[in-house]
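Asker: Please see the structure below; I have some questions.
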Amino acid sequence: MKGFSGPLLRSAGFVAIAALLSCAGLTRAQSAPPISSASPAFREVTDETGRAVRVPQPVNRIVSLAPSLTETVYALGLQDRLVGDTDYCDYPADAQKKTKVGGGISPSLEQIAALHPDIVLVTKGFNRLETVHALDKLGISSYATDPHTVNDIITSLKKLADLLGVPEAGATVSTEMEHQLTILQQRLASSPAKRVLFVVWHQPLISVGKDTFIADALRRAGAISIVNSEQNWPQVNLEEVARIQPDFLVFAASHSEAVPSTVEALSALPAWSILDAVNNRRYAVISDAVNRPAPRIVVAIEDLARQLHPDAFAEKPESGKGKIEKEITPRNQASLAQSFLLLPDLRKDTADCGGRACAR
């Protein structure tokens, strides 16, 4: 088994998926199996790192050690069973009210044990194998995810839903994600892919490897990363980037305080002025959701696609009956959908991972 590594919405379709996720607590928690006080049975499962895990059934108390997993728990409508999460679990806003167990890299084992969890959820890209071993010694079960593509994220969600006893909720969320991705693929079918540099950090310049879920998210947004490294977080030579000359630079909003996110700031750095994308103001800043292998990544993908391929989202002129019907559609339908949105907080919320990006 390999060790763990340490380290807006504009279209109606994507309004629907955001509404679906943010309303999960109301619509799905009610259908979740009731919590039982009887002595739990156990279920033997294999997690995504190949570990055999013995999980109490039903799962009544959950601790999440990664923001992406916290988001997934909420998307499945199981927030009432989430008894603890990390300092960096900030979405949705209610997650900030949960008992905090420290950071994902070195969480407080004492605090976790005090919460008496049935299962601790971890992800290989953010948490450490040492934490898993320490939990084992305390007799606390942990389940690890390890997605490398957007499809993996969807599969992980369904596996977690089954593990936590709500397979129907997992099917609903995953089906909606797949539906929105299919619609996006259709929109971009005739749009040539843009060559991009995803900037994780600018000094030193760090990007994403070709086998990460972020690189796959770029592909689904109609982009191709110019970095073809097998490393997850490769350091990149800016002169080599200048030789290739990407069409766009892409930043995640969570890094906006650590990485210059405007062309003006970048152009003030002499080394960056050799890039045509800087001089021609070709850059995109998208939601921090792109960094998290959770349902909201679909929103980030669509957001990037809109910035890279605006023509694919241009509304065609309407006339006649279709135009009239659209104009008389009650305005409160749109406002009702908007009322459910929980847009990502764009303030800095990154974990301290030694200057490296965190697949959270």
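Asker: What distance in nm separates the two pseudo spin-label positions at R281 and I183, each 7 Å out from Cα along the beta-carbon direction?
Answerer: 3.1
Asker: If I model a spin label at E110 and R61 as a point 7 Å from the Cα along the Cα→Cβ vector, what separation in nanometres do I get?
Answerer: For E110 paired with R61, the spin-label model returns 1.8 nm.
Asker: Something else: Arranged from highest to lowest average of other beta-carbon atoms within 10 Å per residue, in what order do the peptides 129-140, 150-161 appear?
Answerer: Final packing ranking: 150-161, 129-140.
Asker: Using the structure shown, select from K97/K210; K100/K158; K137/K158; K158/K210; K100/K137 the pairs with a Cα to Cα distance greater than 30 angstrom.
Answerer: K97/K210
Asker: Taking θ = phi - 60°, what integer Hz values does the Karplus form 6.51 cos²θ - 1.76 cosθ + 1.60 yield along segment 174-181, in sequence order, with x for Gly and Pro?
Answerer: Computed from phi, the couplings for segment 174-181 are 5, 5, 5, 4, 5, 4, 5, 5 Hz.
Asker: Next up: Just to be sure I understand the model, the point goes 7 Å from the Cα along the line to the Cβ. What's the resulting D80 to R54 distance in nm?
Answerer: 3.0
Asker: Using a probe of 1.4 angstrom, how much of the accessible area of segment 106-185 is carbon and sulfur, in percent?
Answerer: 50
Asker: Sorting check: for 75-85, 297-307, which peptide has the highest mean count of neighbouring beta carbons within 10 Å, and how do the rest follow?
Answerer: 297-307, 75-85
Asker: Note the full-extension length gain between D211 and Q231 as 0.36 nm times their separation in residues minus their Cα-Cα distance, in nm to one decimal.
Answerer: Separation in residues times 0.36 nm, less the Cα-Cα distance, equals 6.4 nm.
Asker: Can you give the extra length, in nm with one decimal, that the chain gains between S191 and F42 once fully stretched, where that is 0.36 nm per residue apart less the Cα-Cα distance?
Answerer: In short, 48.6 nm is gained.
Asker: Please compute the per residue accessible area over segment 80-194 with all protein chains in place, 1.4 Å probe, rounded to a whole number of Å².
Answerer: For segment 80-194, the per-residue accessible area is 43 Å².
Asker: Please give the length that would be gained between D87 and A312 if that part of the chain were fully extended, namely 0.36 nm times their separation in residues minus their C-alpha to C-alpha distance (nm, one decimal).
Answerer: Contour length minus the Cα-Cα distance gives 77.1 nm.
The values are calculated or read from the model by the stated rules, or taken from the named source; none is laboratory data. Since we're looking at a predicted model, the values are computed, not measured. Reconstructed Cβ throughout: ideal geometry from the backbone, glycine too, with neighbour counts over all protein chains shown. We work out accessible area using only protein heavy atoms, side chains counted, and drop any ligands, DNA or RNA first. Shrake-Rupley method; radii C 1.70, N 1.55, O 1.52, S 1.80 Å.
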